[in-house]
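**Student:** Got a structure for you, questions after.
The values are calculated or read from the model by the stated rules, or taken from the named source; none is laboratory data. Remember, predicted model here, so these are calculated numbers, not experimental data. All Cβ positions, even for glycine, are placed from backbone atoms using ideal geometry, and neighbour counts span all protein chains on display. Surface areas here come from the heavy atoms of the whole protein model, side chains and all, with no ligands, DNA or RNA. Shrake-Rupley method; radii C 1.70, N 1.55, O 1.52, S 1.80 Å.
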Amino acid sequence: QVQLVESGGGLVQAGGSLRLSCAAPGSISNLYVLGWYRQAPGKTREAVATITSGGSTYYADSVKGRFTISRDNAKNTVYLQMNSLKTDDTAVYYCNARHMSGIYVYWGQGTQVTVSS
């Protein structure tokens, strides 16, 4: 069983910053795309940002310029630096590891991010 361990969520005021971390086991190789998804109450889960082992990134339009995803391949850890947070960013954030073949997909347990006005 692959476990992705997330940390760093919490409560922050609008305009503030948070940094999420997700540690993956050694079985998650450089063939995996790592990323962050979020799900707000009453909404479907959406991709926030993803990163390949080579450093290619994707960002949702709603977070471009405010969030930065990074990856430490040696530590098998992915980070999400979230700046200029808005109340609309309130959601449960999930770490994701997806094999490039698409066959293997793993999720973290989720971490709550709450942005107050």
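**Student:** Can you pull out every residue in segment 105-117 that is in contact (Cβ under 8 Å) with a residue 40 or more places away in the chain and either out of contact with any helix residue (DSSP H, G or I) (no Cβ under 6 Å at 6 or more places or on another chain) or under 17 Å from residue 34 (Cα atoms) (or both)?
**Tutor:** Answer for segment 105-117, where residues must be in contact (Cβ under 8 Å) with a residue 40 or more places away in the chain and either out of contact with any helix residue (DSSP H, G or I) (no Cβ under 6 Å at 6 or more places or on another chain) or under 17 Å from residue 34 (Cα atoms) (or both): 106, 107, 108, 109, 110, 111, 112, 113, 114, 116.
**Student:** Scan segment 1-29 for residues that are at negative phi, under 17 Å from the mean Cα position of the chain (by Cα) and outside any strand (DSSP E or B) and report the count.
**Tutor:** 8
**Student:** Can I ask one more? Output the strands (runs of 3 or more DSSP E) that fall wholly within segment 38-112 and possess 3 or more residues being modelled with pLDDT of 95 or more and open to solvent by less than 40 Å² (accessible area, probe 1.4 Å), or say none.
**Tutor:** So the answer is 46-51, 77-82, 91-99.
**Student:** Would you pick out the residues in segment 30-51 that are farther than 19 Å from residue 93 by Cα and within 13 Å of the chain's Cα centre (by Cα)?
**Tutor:** Passing the criteria: none in range.
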